[in-house]
Every structure is written in C-alpha cells, then in structure tokens.
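Below is one structure, written out as structure tokens, with a few remarks after it.
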Amino acid sequence: MPGSRIPWGDSMAHLVDIRKTTESGEPADLTLGTLGRTDAPPRLTVLLPTRDEAESVPLLLARLGPALAGLDAELLFVDDSDDGTPEALADLAHESPVPIRLLHRLPGVRRGGLSGAVAEGTRHARGEWVLVMDADLQHPPEAAALLARTAMRGGADIVVGTRYAGTGSTAGLSGRFRLLTSSASTRLVKTVFPRRLATVSDPLSGLFAFRTAAVDLDRLHPLGFKILLELLVRHPSARVAEVAYTFAPREAGTSKASLREGLAFLRHLGRLRRDRLVGQLRERPVSRRERTGQLLRMVAFGLVGLSGVAVNTAALWLLFDRLGVHHLVAAALATQASTTWNFLLVDSLVYRGRATGSFKGRGARFFALNNLLLLGRLPVLQGLVMAGMGVLSANAVTLVLLFLFRFLVSDRVIYGSAARESGRDPVWLLVDPGPAAATAGPAHAAAPKRADTPRKRSTYLPYRYDVAGTVTIGSQIRLPELEFFRAQWIADADVDIAVRIGDVGRRTPHRRASMTQQAEPAALRYEEHLGRFGANFSVHLGSPITVEIGPLLARSPHVVYTNVVEALLRFVLISRDRMLLHSACVELDGTGVMLSALTDTGKTATVLRLLREHGGRFLSDDMTVVDATGNAVCFPKPLTISSHTLRAVNATDLTRSEWRRLNFQSRLHSRGGRSIALTLARFNLPIMGINAITQILVPPPKYSVDRLVPCRMGSTTSVEELFVIERGAPALRDLDQSSALERMLANTEDAYGFPPYRYLAPAIVVDGMAYPELKEKEREILAGFLSGVRTRVLASDTYGWADEIPRLLAADRLRPASDGSPSAAPVAKTHAEAWPRWGVRLLPGPTAS
C-alpha cells in the first residue's frame, strides 16, 4: 500500500490488523476497528508505544522481525503520532515475518502519556505475555528477544531489562546530565519503596515483560513514562527477574524527555507513595490474637512516648529557658533529641524480633515521620503560646495529640508492612547474556571479573557413581544418597555431572541471596548473604555439567545432593528418556507395586511394614527411575526416618545410643521441621545456609533399608499396580490415566519444594533443551509409563495402607476370569541381578541417548 494513507475516519481510536500482502502486492487483509482474528492467539505480544517515530520504524522492523523468529509473537503498535508513523507501518507490514497490529490514538484520547498507551495496548494484547519496548532502538531487538525467551521459560511474572546489573550498561544515555538524572531517579524510587523494589535494580526501565494473568489492569492509574514502577508497586506478590542489556544510542528520532515529563514522574511517584501509605494505615488486625498484640504494642509505645516527652521537655527547657533559643527553634532541636531516644527504645524493645530491613533504614523513616509531624506541630505550638499557654506545656500538648497517628504509622508502615509483603520473592534473579550474547550498541560491557584470584584446588573426583546405567556422577565429596551406585571404574573424563569444591561467590556479605544465570555459555550461580562463608554454588551447563560448591556446602553432603545434584539428575535423566519419579517401589509376589504420596504422608512407614510383614523385594522409597514402557529401575537412597515413620521401625540391629539419637533426629527432620524451613524460605534469610548448618550439627537420620528390616534388593521390575496413598476416611477408587498423570506430576514437584529449586530449575538447559521442553518431555515419559499401569487412590485414617495393599493384590489374583473359572495364579517374575554391571540389559526399554 505504498504512498496511501490509512482512512481513519472520524472515530477517536482505531485498531488495525496489518497482515502480509498477497502475491500481487495488494493487502491481503486490512480490518479497521475490530479485534477479531481467525487464527490462534500468539503466546507473546510485543507492545511498542510510538509517538512520531516514522524515521525509526524501518530500522526497527528490519531487526525486530528476525529477532522474534520462532517466538510465536505479534507486534502491537500503540501510536500517538501526528506524523506518518501509521503509513510507514502499513507500507512495511508485508516484509515483516511477524503479524503487525496498530492501535492509533487521536489527540482527544491520548490519556496517561506513554504509560496510558501501554495500559491501553495491554487491554488489546492477545498474547499470554506482553513485552514492552521503545521503538527508537535504544532497546536493542536482540536484547528484547532474549528477555522474552527468559520470561516465557517460566518462573517469573515480571521480567525487567536492567542497565545497572551484570553486564548491563547505560551507554546510550546521551550526556552526563541525563545519566545523573537516571541514576538519581532510580535511587529515589528505591528509597521511597525499599521493600517492593528490593529485588529490582532498574525499576524505571522501559524494557520489560509481564504475564498478563499476573497483572490487574484495574489497579493501574498510568501517568507519564514509568509504567513499570506502577506495575511493581501495585503487584507486590509478583515474582520478578531481571535481564541485563546495553541501553543503545538512539539511531533516529528525538527524545521525548522534558521538564514536563520530569514533573509528571514526581507527581506519579508521590501518588504511588500516598496510595501505599493510605493502604497501610487501613490494614487492620483481623484475628483476636493480632488485635491483642497491637494493643500491647500501643501500650509499650505509649510508655516509651511518655519517656520521650520527658526528654523533649528537658531539652526544650535547657534550650529555651537557660540558653535563650527561640521557642520554635528550640522545639525543633528538642524533637531531634526525643526522636533519637524514642527510636532506640522502640526499635530495641517494642519491636524487637519484628523489625525488618536495615537499622539505618528504619531510623531514617522514623526520623522522617517525626520531622514531618514537627512541621504540623510548630504552627499549633505557636497558636497555643499566643493564646497564653506556657511553652513547655504547649509543647507537651502537641506531642500527646499526635500520639495515636505516630503509633499507627510506626506499627503499620515502618515496622508492620514487611509481614504483609512477604509475597515478594526474597531472592534477586538476574539473567546475564554474557560476553558472547548478541546485543546492539558498543561492546564495552565486559563480563564481571573476580575480585580476587581463587586458590588452586585439585580437580580429581574420588567418588564416582553410575545411576541406573544412564547417568554418571563424579564428586569430590561423598554423596551418601548415591552410595548404592558407587562405580569407581568410571574415569573422571567420562562423568556426566562433576561436583567439585571451590571458592564460589564474593568475599563480602550482601543484603540478599541472588541467582545469576549466564546465557552464553550456559551457567548459573547462587549466592547467599554471608559471602564466601555462605551456601553458594555455581553450575556450568556444558558437557559434562560441572557443579562447584562452596566450603560450607562441602561439609553438608545431604544438602548438596538434595538441593542441587538431584535437581540436575532429574533433568539429565529426562534428556535420556527416563524420569526420576517421586514414588516408592517394591515387588510383592512377583508383582511390581508402586506407592506415591505427597511428602510426609506415610509412604516410608508403609514400605517398611510391607517388607517386614509380607517380604518381597525393595527397589526404592523416595525416588524411582522409570521409562515410557512401564519399567522401573531401583533407586535405593537411604531412608529418612521422620517422627511419624519411627513407629514402623523395629530394627533389632540398632544400638541403644542409635535409638536415642534416632528419636531426637526424627523430630528435627520431621514434617514440622520441614514446614518451619519452608516458611522461613519466604523471608530474606540465608535459608540454604541455615539448612546446611542444621544438618552439619544434627545429621538427618538416614539408614539403608536392610538395616531397618530384613529384605532383599531388587534391580528392576515391570510395574503393574500404582497406589496413590492419602490420609482421610477409608476409601478406594480407580484413577483414570489423565488424573493419574497430573497427580504423579504434582507429587513429584512437591518433592522439590525446598530452595533454591524454584530458581535453579527454570535456568537448566540439558543437551540444548530448556526447562519447558524438558518438562514436556517428562510428561510424555510419565504418560507412557502410566499407560500400562492400574492406578488407584487408597485413603486411610489409621496409616493402614500396608494392611490393605496386600489384601487388594490377593483379591485381584482370586477374581474369577471372564469364563467364570478362578484366575490362574500368576507366575512370579524374576529378574537377573546385574550389580554392578549396568551395561547388561535388564528389561527392554528405550536406550539412553
């Protein structure tokens, strides 16, 4: 449609679907004023607010289309232009590999500026994700595509392009003044919202993506340029990640920044802070316990306040009566003295154990509150003095009058809001493209260098394991969970996963834990608060996968395996057509029986009773390796004996001291202990380090199964029966394959709930397959496995599953055949034990890739 103009007509705003042209060069479809599309909605909508960008559009489309190839995306331009931007888009649409849609807003409806354009465009976006970027190429299309891939890989709700972390750069900011303005604005908003922006280094970025389901558009009141700030402040429970990028120089057009926009930004910031303050003051205690606690804090706060009045009065008397300072100046100075006194007592006594954030931050907010109230007190003080009241008495009256307001702000804003904002993820997530990533702009942002040279360490792997003949692991620390798979004949160079000790992380402590993912070459690093003394590790996702753990983790092998190695093992097995399924597996009278349950239901106790009372072979208690043909391969990790499992242990081989130790250990490592740890993980604490230290001091009670009950080990079995056990009124029901699939996936995911799995898993890439692909393949493997397995849900309110399962299996064997005659007794299956030669084929199944 070269040279033509789009006929906007008389309406105020129009949405246009611009599609590829036909072979004759004419537009194939140009629909005005409609959202209707016949094709399926894309997964990603790239939203580009434009205003007089006719010069930039050709350059943008030339790079953005190829960058988005394979992402199932559409482009949605929200245009506030008065130049030829709409016509330029229409002319170039036929060259774009990505569908283009245009929402043109005429002058009468351009509400909210750029933020209003983003909000309006989001309402018309068809994608599950919306990526917002500028059209002037200061947000490089290649960086935007990386950010989109990071977002759609899963895990976060809002993904922010950052110029201030990793290899990010502000190179495109023209002039020292603009650079200083950007830096000062960022510091200002982080100071105003210290908790809600704690995990965001660039809250004023214009390059970001968000999951549409995680954003409530009705909460937004857009104004000016900084729509991301509003998203972050008004959605405190949204999970946030960042992607480092280089802010590029402008290639065409002119900047829209102005003094007017700067004033709009300050007005917007003030409105957000006001709305948040009002919301905090309206947050009332809901339970009787909370109301009682607030009343007690108010009494204690009042007693501290009375002592503060005494300090304030004494300081005012000294300054006014003795030194002759003007009474208003003396009142202001006396307020500083009493504020210092009150803060120290309030912080150390009234809110001891409830305080969050830094001591300096709480002090700054406390002083700001009292000095703002001082501005309101001084006119009242002057009025009372002019009415004939003494200065000391008038000052005391103004202090008492503001007591209730001062308490509410302190209780609900300075000290109380953190508990209600625990939804914000405590770990800072960063994706750093790395030096080899494709980004536009000057390549001056090199990869961060280490602050010091790490010590030289041995690379030899003294402990080597062969897991089910599929994955090999080498480690510099012994991994007790894999002891059954020891295979010292494997060469160091042949392992799939190598675990080594190293100096991971910065030497100095930092305020919160962080997970940094490097895109190229694929690697990630997890660091906690305590610097080199923390529970830190790094993973290089190459061939082999190399895990480097810090000295603290090296002393806690259970944490290393459970929190790091097993997660990697899970996804490597998936890439080789196996699944590490959260389940127990035994063979009873030749029948492969699998048990599945949520963590801490009673699965381990049931397995022990089945083996002790009914014999059979043991394959696994916690995890089982399965394939798509219904085969299960043993995974005999040591059993963890928690408090509710202790009743099933009747091991005469345990010494008296072992029994006493087991009683104590089983209580600490029980469901209650796990629940406390998961609760603590919601807060800004070095939870992995706490877990490591706890397990160093009190090792988990782990025993091999044959130490607890006499039994034989099995290597493989063909699973025929699967029981999903749960607590509740006695019941038995069949579970269809679709429901069984979802239940088993949920049970498996439940086993990986402890940090840092939720940050580690979405960053894993194995054999070129990213997290979503691996999860989809895992689903396919499990669906194939379940296709030949009978699945039933068995509920019990007396932990009686070990009594019911053998009875049900016996009843199935005695069920009459279709011709009315009793079923023939099954022939017991026997499998050749092949330890430790995993190369011998045990059962037919898919080969390892």
Exercise for review: Quote the FRET efficiency, to the nearest 0.05, computed for Arg176 versus Leu375 with a Förster distance R0 of 30 Å and r equal to the Cβ-Cβ distance.
Suggested key: 0.30
Practice item. Return the ratio Rg/(2.2 N^0.38 Å) for region 702-755, where Rg is computed over Cα atoms only. Key: 1.53
Study note, to complete from the structure: Carbon and sulfur atoms account, in whole percent of the 1.4 Å probe accessible area of region 164-247, for 57 percent
Revision key, fill the gap. Expected unfolding gain across Glu283-Arg260 under the 0.36 nm per residue rule, minus the alpha-carbon gap, is 4.8 nm
Practice item. Provide the per-residue ³J(HN,Hα) series for region 334-350, in order, calculated from phi with Karplus coefficients 6.51, -1.76, 1.60 and θ = phi - 60°, each as a whole number of Hz, with x at glycine and proline positions. Key: 5, 4, 5, 5, 5, 5, 4, 4, 4, 4, 4, 6, 4, 5, 8, 10, 5
**Study point:** Mean shadow area of region 474-533 over all directions, Cα convex hull, nm²
**Key:** 5.8 nm²
Review point. Sorted by accessible area with a 1.4 angstrom probe, largest first, how do Glu55, Glu721 fall?
Key: Glu55, Glu721
Revision key, fill the gap. Cα-based Debye curve of region 530-601 sampled at q = 0.11, 0.22, 0.23, 0.27 Å⁻¹ gives log₁₀ I(q)/I(0) of -0.44, -1.03, -1.07, -1.20
Exercise for review: Could you state how much accessible area Asp627 has, in square angstrom rounded to the nearest 10, with a 1.4 Å probe and all protein chains kept in place?
Suggested key: 10 Å²
Exercise for review: Hey, can you grab everything whose amide H is under 5 Å from the amide H of Ala238? Only 5+ residues off in sequence or another chain; H modelled, so Pro and N-termini drop out.
Suggested key: none
**Study point:** 5 angstrom amide H check on Cys585, placed H, neighbours 5+ away
**Key:** Leu595, Leu619, Ser620, Asp621
Practice item. Give the residue from Val159, Leu188, Phe210 lying farthest towards the positive end of the charge dipole for region 133-245; charges sit on Cβ (+1 for Lys and Arg, -1 for Asp and Glu) and the dipole is referred to the Cα centre. Key: Leu188
Exercise for review: Work out Dmax and Rg for region 46-198 from the C-alpha atoms and quote the Rg first, both in angstrom.
Suggested key: 16.3, 47
Practice item. Calculate one ³J(HN,Hα) per residue across region 761-766 by plugging θ = phi - 60° into the Karplus curve 6.51 cos²θ - 1.76 cosθ + 1.60, and present them in order as whole Hz with x for glycine and proline. Key: 4, x, 8, 7, 10, 10
Exercise for review: For every other residue with a beta carbon closer than 14 angstrom to the beta carbon of Phe533, add +1 if it is Lys or Arg and -1 if Asp or Glu, then tell me the sum.
Suggested key: +1
Exercise for review: Would you mind estimating how fast region 570-613 diffuses translationally, via Stokes-Einstein at 25 °C and 0.890 mPa s with the Kirkwood radius over Cα pairs, in µm²/s?
Suggested key: 204 µm²/s
Check your understanding: Using a probe of 1.4 angstrom, how much of the accessible area of region 285-359 is carbon and sulfur, in percent?
Key -> 68 percent
Point to revise | Neighbour net charge for Ser739 - beta-carbon separation under 15 angstrom, K R +1, D E -1 | key: +1
Check your understanding: Rank Cys711, Cys634 by accessible area, highest first, at a 1.4 Å probe radius?
Key -> Cys711, Cys634
Exercise for review: Pop out the carbon and sulfur fraction of the accessible area of region 550-593 as a percent, whole number, probe 1.4 Å.
Suggested key: 42 percent
Practice item. Calculate the spin-label point distance for Leu344 paired with His221, positioning each point 7 Å from the Cα along the beta-carbon direction, and give it in nanometres. Key: 4.1 nm
Check your understanding: Between Leu323 and Gln336, how many nm apart are label points set 7 Å from Cα along the C-beta direction?
Key -> 0.9 nm
Practice item. Could you tell me what percent of the DSSP beta bridges with both partners in region 143-268 are antiparallel, to the nearest 5? Key: 35 percent
Check your understanding: Can you list the equivalent-ellipsoid semi-axes of region 191-333, largest first and in whole Å, using the square root of 5 times each Cα gyration tensor eigenvalue?
Key -> 43, 26, 13
Review point. Hey, what D do you get for region 123-181 in µm²/s if you plug the Kirkwood alpha-carbon radius into Stokes-Einstein at 4 °C and 1.567 mPa s?
Key: 97 µm²/s
Check your understanding: Given the Cα-Cα distance of Phe683 and Lys360 and 0.36 nm per residue of separation, how much length would full extension add, in nm?
Key -> 114.3 nm
Check your understanding: Where both partners of a DSSP beta bridge lie in region 683-819, what percent of those bridges are antiparallel, to the nearest 5?
Key -> 40 percent
Study note, to complete from the structure: Ranking Lys360, Lys777 from most to least accessible area with a 1.4 Å probe gives Lys360, Lys777
Revision key, fill the gap. With x for Gly and Pro, the residue-by-residue ³J(HN,Hα) of region 136-143, computed from phi through the Karplus equation 6.51 cos²θ - 1.76 cosθ + 1.60 at θ = phi - 60° and given in whole Hz, is 9, 6, 6, 9, x, x, 5, 5
Review point. List the aspartates and glutamates whose alpha-carbon lies under 12 Å from that of Lys190, not counting same-chain residues fewer than 8 positions away?
Key: Asp202
Check your understanding: Residues with amide H under 5 Å of Val499's amide H, sequence separation 5 or more or different chain, H placed in the peptide plane at 1.01 Å from N; which?
Key -> Gly474, Ser475, Gln476, Val547
Review point. Can you pull the accessible area of Glu527 for me, 1.4 Å probe, Å² to the nearest 10?
Key: 10 Å²
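The values are calculated or read from the model by the stated rules, or taken from the named source; none is laboratory data. Remember, predicted model here, so these are calculated numbers, not experimental data. Counting neighbours? That spans all protein chains shown, and the Cβs are built from the backbone with ideal geometry, glycine included. Note: areas computed on protein heavy atoms with side chains; ligands, DNA, RNA excluded. Shrake-Rupley method; radii C 1.70, N 1.55, O 1.52, S 1.80 Å.
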